[in-house]
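The values are calculated or read from the model by the stated rules, or taken from the named source; none is laboratory data. Nothing here was measured: the structure is a model prediction, and the numbers come from that model. For neighbour counting, all protein chains shown are included, and Cβ atoms are generated from backbone atoms with ideal geometry for every residue, glycine included. These accessible areas exclude ligands, DNA and RNA; they are computed on the full protein's heavy atoms, side chains included. Shrake-Rupley method; radii C 1.70, N 1.55, O 1.52, S 1.80 Å.
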Amino acid sequence: MKKNIITYVLLVVITFLAGWLRFYNITNNPPSLNIDEVSFGYSAYSIMKTARDEYGSFMPLTFRSTGDNKNPIPVYLMVPSIYFFGLNEFGVRFPTALLGTLSIPALFFLLRQLFRRYDIALIGAFLMAISAWHIHFSRYAYDPLVSSFFLIVGIIFFLKLFEGKVKYGIISSIFLVLAMYSAFTERLFVPAFVFLSLLINYK
């Protein structure tokens, strides 16, 4: 019991470290919003004001944007952020930085479930917390980073199905669908992952 308490205390410390690395000076580094961030922010601002995108579509599931058809979840996550923090760098980048931070404890619980070892889970969480690529992509509006958080959480609950906990299937489905509508690659990965997992573990 005492060992588990120490593990969770370390996890909290690692999560706070991850949050600091992802939020510190986020409005200036990267130095300015890129074209995708501007597009996400403008669509979110339009939804906040009118419940329609800049083309007049009501609560769309695909945002036309500049013709590249952006995913809806990153946009809708920005709506409350922009409402509270304003239409600025912090308001646009806050959701991704937050989910990037929350990905650390999410990965911990996934690794603990896979390996049944707290030390491996803690090491994995720490490595992601200080990982340069994850810090970088958490510091600006990046939809694959958003989808990765929902994917990790969705897999955690999906694996519980094989423990006989069928009720978690609904929760898993919600998070996996959120992942699919956060990044286009997940629309291929999630169905393939679910199908192959069920096929392999059919018994």
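Data overview
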| item | result |
| --- | --- |
| With 5 Å bins from 0: P(r) over segment 50-129, alpha-carbon pairs, percent | 3, 14, 17, 15, 14, 11, 11, 9, 5, 2, 0 |
| Two-decimal Rg/Rh across segment 39-85, once Rg and the Kirkwood Rh are taken from alpha-carbon atoms | 0.92 |
| GNM result for the chain, Cα springs below 10 Å: residue of Tyr42, Tyr24, Tyr140 fluctuating most strongly | Tyr24 |
| Length-normalised contact order of the chain in % [C-alpha pairs under 8 Å, at least 6 apart] | 21 |
| Selection from Met59, Tyr181, Asn69, by position along the positive dipole direction of the chain (Cβ) | Tyr181 |
| Solvent exposure, largest accessible area first (probe 1.4 Å, DNA, RNA and ligands not counted), of Lys165, Lys70, Lys160 | Lys165, Lys160, Lys70 |
| Cα pair count fraction exceeding 23 Å, expressed as % - the chain | 50 |
| Cα-based convex hull, segment 134-181, per residue volume (Å³, whole number) | 58 |
| Tensor-based shape of segment 99-184 (alpha-carbon gyration tensor, a/c under 1.5 rounded, otherwise prolate or oblate) | oblate |
| Cα gyration tensor, segment 1-92 - rounded (a/c under 1.5), prolate or oblate | prolate |
